[in-house]
1. Farthest toward the dipole's positive end in the stretch 25-146, which of 97, 68, 132, given Cβ charges of +1 (Lys, Arg) and -1 (Asp, Glu) about the Cα centre?
2. Return the distance in nm (one decimal) between the two label points of a simple spin-label model at residue 174 and residue 241, each offset 7 Å from Cα along Cα→Cβ.
3. Mind giving me the nanometre distance, one decimal, between the label points for residue 28 and residue 138, set 7 Å out from Cα along Cα→Cβ?
4. Give a residue-ordered list of calculated ³J(HN,Hα) values for the stretch 154-164 (Karplus: 6.51 cos²θ - 1.76 cosθ + 1.60, θ = phi - 60°; whole Hz; x for Gly, Pro).
5. Could you give the nm distance between label points at residue 390 and residue 89, where each point is 7 Å from its Cα heading toward the beta carbon?
6. So how exposed is residue 233, as accessible area in Å² (1.4 Å probe, rounded to 10)?
7. For the stretch 1-144, compute Rh as the Kirkwood radius over C-alpha pairs and then the Stokes-Einstein diffusion coefficient at 37 °C and 0.692 mPa s; write the answer in µm²/s, rounded to an integer.
8. Under 5 Å between amide H atoms, partner at least 5 residues away or on a different chain: which partners does residue 315 have, H built in plane at 1.01 Å?
Amino acid sequence: MLSFLWCFGFAGSLGRFVIAFYQSEITTSLGVGRDFLGITWSTTMFISAICAPIGGFLVDRYGVKKVMLFVSLSNFLSILTVLILHNPLGYFIGNGLLGGLVGLGASTTYVLISDWFKHHRAKAMAINGSSASLGLAVLTPILVSLTWLNWIKVYVILLIINVLFIPLIAWFIRSNKVDDLSIITEEVFIDSRSMLSKWTDGLRFLSQIIRRPIFIVVIFAILTCGISMGTVEMNLVAIHQQAQVPGMMIASSLSILGLLEVFGGIIFSILLDHKSRTKALAVLYLLRTAAFTLLIFHFPVTPILFSLIFGATYVGAVPGAILVANEALGSGSGQKKLGMQTGMLLFVHHIGGVLASLSSGFIFDYTHHYQALIAVNLILCLMVTAGYAWISKSRPASTKVTHSDALTSNIE
């Protein structure tokens, strides 16, 4: 199952490649500015953010398979709309509106891995997270070398892949919970009052956790991560192009970025499983601070060095934050809402992506550079570094170990 999820993510990296590499071609083809792409991408991220906790609730209720099937069908309709309506409206509806429904499945892989892996969860998440990164590393030089290829043809390839994976999801995906293996559910229709009660419980649970310092740091960190990843995924190529970096060096830097995401993810997963998780995350964001420092000054070697440094931190930030947050809750009622918890954190992460993508297009169109956006990323990463370092050192030593302390000792 993990191998299947990995292949699914590897193939899905084509979507990331389109956004990163064909941004200029898309704007020319559709006759729009980059602010339009920023609005479309931010709409996708905003809808995904809203869908993340909803998807987490649906996963808790119906299981991962049904949610993943629905998400795959939505993705199919999204790509098909872009291809059929080859105009700005079709691009916005397909990528902006329908594409946002993919957020319903944001928590599925985290829940699956939490179900199946009682130990080495960070490593399993890193392996799964490496799929898109390795896909970017392997596919970028191949696709760049194919001069006949354009963004429309890449979307056609994505459509075919999506059609092939839908029946495979039905075949391979299953949870490690006995209830999810039953074909017949006890309730076909959900009582509206029951749903309202569950949502109220979720909001109450969220209000409880944000009052604890560790969760404030985690939420701020995952918001910062969303901003950083949104900035890099959507604008890194454009930033290099503005600095007059040759096309082959840009392609090479993307490949290095993907490769380092794999190796860096593995290294940080080992640290997250065996060392202090908050200290490991503090180091991760310190490296991101260094990477954005290089990017804002943009030396001749910046494309390679940025890919090396930022790529090493790419995969570990989100799984690390989710592990810290979920395990800090203990094994009580909070763990029974694992999908909802993960969905709430991913909601915050997507909001960060919305802020980055929405602001980047306007920043470029009105200032003709990305320096302000890079500077914001640098400052936020530095603040998160300080936050995780503070959490690591702030817990007083105690000779009395409670159940909560025993759980948190692995985190801190």
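1. In the stretch 25-146, that residue is 68.
2. The two pseudo-label positions are separated by 4.7 nm.
3. So the two model labels end up 3.0 nm from each other.
4. 5, 5, 4, 4, 4, 5, 5, 4, 5, 4, 5
5. Spacing of the two 7 Å Cα→Cβ label points: 5.0 nm.
6. Approximately 50 Å² of residue 233 is accessible to the 1.4 Å probe.
7. 202
8. 265
The values are calculated or read from the model by the stated rules, or taken from the named source; none is laboratory data. The structure presented is a predicted model; accordingly, all values stated were derived computationally and were not measured. Methodologically, a virtual Cβ is constructed for each residue, glycine included, from the backbone with ideal geometry; neighbour enumeration extends over all protein chains shown. Side chains are part of the model used for accessible areas, which takes the heavy atoms of the whole protein and leaves out ligands, DNA and RNA. Shrake-Rupley method; radii C 1.70, N 1.55, O 1.52, S 1.80 Å.
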